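See below for the structure under consideration.
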Amino acid sequence: MSAQEHEAESARSARPEKGRRPWRRTKIAVACVVGVAAVVAIIGSLTPWPSAMIIRAVFTKGGDETAAEMDRHVPDTKLTEHLDVAYGDRGADTTFDVFSPASATGPLPTVVWIHGGAWISGAKENVDPYLRILAAEGYTTIGVNYTIGPEGVYPLAVNQLNEALAYIDEHAAELGVDPAQIVLAGDSAGAQLASQMATLITSPDYAEIMDVTPSIEASQLVATVLNCGVYDLSALAQLDGIAGWGFKSAMWAYSGTKTWAEDSTGATMSTVDWVTADFPATYISGGNGDGLTWLQSIPMAKRLDEVGVEVTTLFWPAPHEPALPHEYQFHLDLPDARTALQKTIDFLDAHTTR
């Protein structure tokens, strides 16, 4: 073989080798991705923390943006504010914010609002603008913090909220609270908690099952406001897809167990199964674009009506445009959200006296 032929043969031999190197690098990269995904999957099967932190990051961003939107609608009414009032011993987790009209000369009917966030995110500051709006209508309003999951597990939040109500009742005069006119309110997970607290207060059998002594009397609770909440955990457990993954991850983080749907957690959180005729008059709403409206809020409204509770609803036809999302009530740039706000105020006015 001549030197020229030898060089040509060498070049042909080298070409496949060069072509294989990028493919080897690709295989290594794919193997690394698969390996990382496997590690994440293993960790995710052992602890709810990674999923909970992802969900929390998304919810926190959305909550901040929604609060900024509500801020644009807060009136110029001068308010008296008491921020970060400590009702317990867990730092910021056990604090609340209080708003009332500066012109008030005595105690006022009081709305105690429990924030949402899938039980694993959120804070009282997310609802402060809405509470300022309600306070300007002549109410004392209180936004309550509680320990979210996975830092705290069920039923810690229930016990903390009971403690908060005890503090509010004991310090009613200095907070501008009429202790004979308490309204429990909440959004999303906060609506579930508000319904749970109202059930505790009005049903001795349920309080016994929960092993909780309610800190206020049923006669003090005049109404509830429930927006976009969860009241039937068995229905929640049937969800699949991204929504199912999110709710199941959140519930694992909040309950501390993967078997929440099968044990006392899911059973006792499902207030649709525990409400009685003594449950207070209730305003309940959800957007037509929110799956929880059809799965949770409408069935809860029907159940309350069945047991004889006075129910005021605001639901929208399925084809309503724009489709109103979860927590639409806080998106006050929307005319429909402003309609919901006015209906909420009308409901409060109808069930309280000043």
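Contact map, the range 60-78: first residue exposed (fewer than 14 other Cβ atoms within 10 Å of the Cβ), second residue assigned to a helix (DSSP H, G or I) and among the hydroxyl-bearing types (S, T, Y), Cβ cut-off under 8 Å, separation 6 or more or different chains; the map is empty. Is it true that some residue in the range 253-268 is touching a residue at least 40 places away in the same chain (Cβ under 8 Å), closer than 26 Å to T353 by Cα and open to solvent by less than 30 Å² (accessible area, probe 1.4 Å)? No, the range 253-268 has no match at all. Annotation: T213 fulfils all but one of (1) open to solvent by less than 10 Å² (accessible area, probe 1.4 Å); (2) of a type in the set (V, I, T); (3) more than 11 Å from M269 (Cα to Cα); the unmet one is (1). Applying the condition of being touching a residue at least 24 places away in the same chain (Cβ under 8 Å) and aliphatic (A, V, I, L, M) to the range 336-349 and asking which residue is surrounded by the most Cβ atoms within 10 Å (Cβ to Cβ) yields A340.
Give me a count of the residues in the range 282-306 that are without any contact (Cβ under 8 Å) to a residue 12 or more places away in the chain and in contact with a strand residue (DSSP E or B) (Cβ under 9 Å, 6 or more places away or on another chain).
Within the range 282-306, the first condition is being without any contact (Cβ under 8 Å) to a residue 12 or more places away in the chain, and the residues that meet it are 294, 302, 305-306.
Narrowing the set further to residues that are in contact with a strand residue (DSSP E or B) (Cβ under 9 Å, 6 or more places away or on another chain) leaves 302, 305.
Within the range 282-306, residues that are without any contact (Cβ under 8 Å) to a residue 12 or more places away in the chain and in contact with a strand residue (DSSP E or B) (Cβ under 9 Å, 6 or more places away or on another chain) number 2.
Selection of first residues in the range 93-112 that are acidic (D, E) and of second residues that are assigned to a strand (DSSP E or B) and open to solvent by 10 Å² or more (accessible area, probe 1.4 Å), restricted to Cβ pairs under 8 Å at least 6 apart or on distinct chains, gives the following pairs, ordered by first then second residue: D97/E81; D97/H82; D97/L83; D97/D84; D97/V85.
Which one is farthest from T199 (Cα to Cα), of the residues in the range 317-330 that are hydrophobic (A, V, I, L, M, F, W, C) and open to solvent by 40 Å² or more (accessible area, probe 1.4 Å)? Give the steps one after another, and end with the answer.
Our first condition is that a residue be hydrophobic (A, V, I, L, M, F, W, C); within the range 317-330, this holds for 318, 323-324, 330.
Narrowing the set further to residues that are open to solvent by 40 Å² or more (accessible area, probe 1.4 Å) leaves 318, 323.
On the way: A318: 30, A323: 31 Å.
Ranking the qualifying residues of the range 317-330, first place goes to A323.
A quick yes/no check of all residues on (1) over 16 Å from S270 (Cβ atoms); (2) in contact with a His (Cβ under 9 Å, 6 or more places away or on another chain):
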site	(1), (2)
L165	yes, no
E174	yes, yes
D178	yes, no
I182	yes, no
A191	no, no
Q220	yes, no
A223	yes, yes
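In the range 115-127 there is no residue that is open to solvent by less than 30 Å² (accessible area, probe 1.4 Å), among the β-branched types (V, I, T) and either modelled with pLDDT under 95 or closer than 17 Å to V222 by Cβ (or both). Candidates in the range 41-99 are the residues that are of a type in the set (D, E) and within 17 Å of the chain's Cα centre (by Cα); of these, the one that is farthest from W245 (Cα to Cα) is D93. In this structure, I201 qualifies as part of a helix (DSSP H, G or I), open to solvent by 10 Å² or more (accessible area, probe 1.4 Å) and among the aliphatic types (A, V, I, L, M).
When the range 166-182 is examined, which residues are found to be outside any helix (DSSP H, G or I) and either open to solvent by less than 10 Å² (accessible area, probe 1.4 Å) or of a type in the set (S, T, N, Q) (or both)? Lay out the reasoning, then the answer.
Within the range 166-182, the first condition is being outside any helix (DSSP H, G or I), and the residues that meet it are 171, 176-182.
Within the range 166-182, V177, Q181, I182 qualify.
Does D333 count as in a loop (DSSP other than H, G, I, E, B), touching a Ser or Thr at 6+ places or on another chain (Cβ under 6 Å) and either acidic (D, E) or free of Cβ contacts under 8 Å to residues at least 60 places away in the same chain (or both)?
Values: in a loop (DSSP other than H, G, I, E, B): yes; touching a Ser or Thr at 6+ places or on another chain (Cβ under 6 Å): no; either acidic (D, E) or free of Cβ contacts under 8 Å to residues at least 60 places away in the same chain (or both): yes.
For D333, the condition - in a loop (DSSP other than H, G, I, E, B), touching a Ser or Thr at 6+ places or on another chain (Cβ under 6 Å) and either acidic (D, E) or free of Cβ contacts under 8 Å to residues at least 60 places away in the same chain (or both) - is not met.
The residues of the range 134-155 that are open to solvent by less than 10 Å² (accessible area, probe 1.4 Å), in contact with a Pro (Cβ under 9 Å, 6 or more places away or on another chain) and either touching a residue at least 60 places away in the same chain (Cβ under 8 Å) or within 28 Å of W260 (Cα to Cα) (or both), listed by number, are Y139, G149. Condition check for L108 on (1) in contact with a Lys or Arg (Cβ under 8 Å, 6 or more places away or on another chain); (2) of a type in the set (A, V, I, L, M, F, W, C); (3) buried (at least 24 other Cβ atoms within 10 Å of the Cβ): one failure, at (3).
Here is a check on your reading of the model: is A185 farther than 21 Å from K302 by Cβ and either among the small types (G, A, S) or open to solvent by 30 Å² or more (accessible area, probe 1.4 Å) (or both)?
no
Does V309 satisfy being open to solvent by less than 50 Å² (accessible area, probe 1.4 Å), touching a residue at least 40 places away in the same chain (Cβ under 8 Å), within 19 Å of Q196 (Cβ to Cβ) and β-branched (V, I, T)?
Values: open to solvent by less than 50 Å² (accessible area, probe 1.4 Å): yes; touching a residue at least 40 places away in the same chain (Cβ under 8 Å): no; within 19 Å of Q196 (Cβ to Cβ): yes; β-branched (V, I, T): yes.
Spelling it out, it is not the case that V309 is open to solvent by less than 50 Å² (accessible area, probe 1.4 Å), touching a residue at least 40 places away in the same chain (Cβ under 8 Å), within 19 Å of Q196 (Cβ to Cβ) and β-branched (V, I, T).
Would you point out the residue of the range 206-227, among those that are touching a residue at least 24 places away in the same chain (Cβ under 8 Å) and part of a helix (DSSP H, G or I), that is nearest to Y167 (Cα to Cα)? Looking at residues that are touching a residue at least 24 places away in the same chain (Cβ under 8 Å) and part of a helix (DSSP H, G or I), I get Q220.
The values are calculated or read from the model by the stated rules, or taken from the named source; none is laboratory data. These numbers were taken from a predicted model, which means no experiment stands behind them. Please note: Cβ atoms are built from the backbone with ideal geometry, for glycine as well, and neighbour counts cover all protein chains shown. Areas reflect the complete protein model, heavy atoms only, side chains present, ligands, DNA and RNA absent. Shrake-Rupley method; radii C 1.70, N 1.55, O 1.52, S 1.80 Å.
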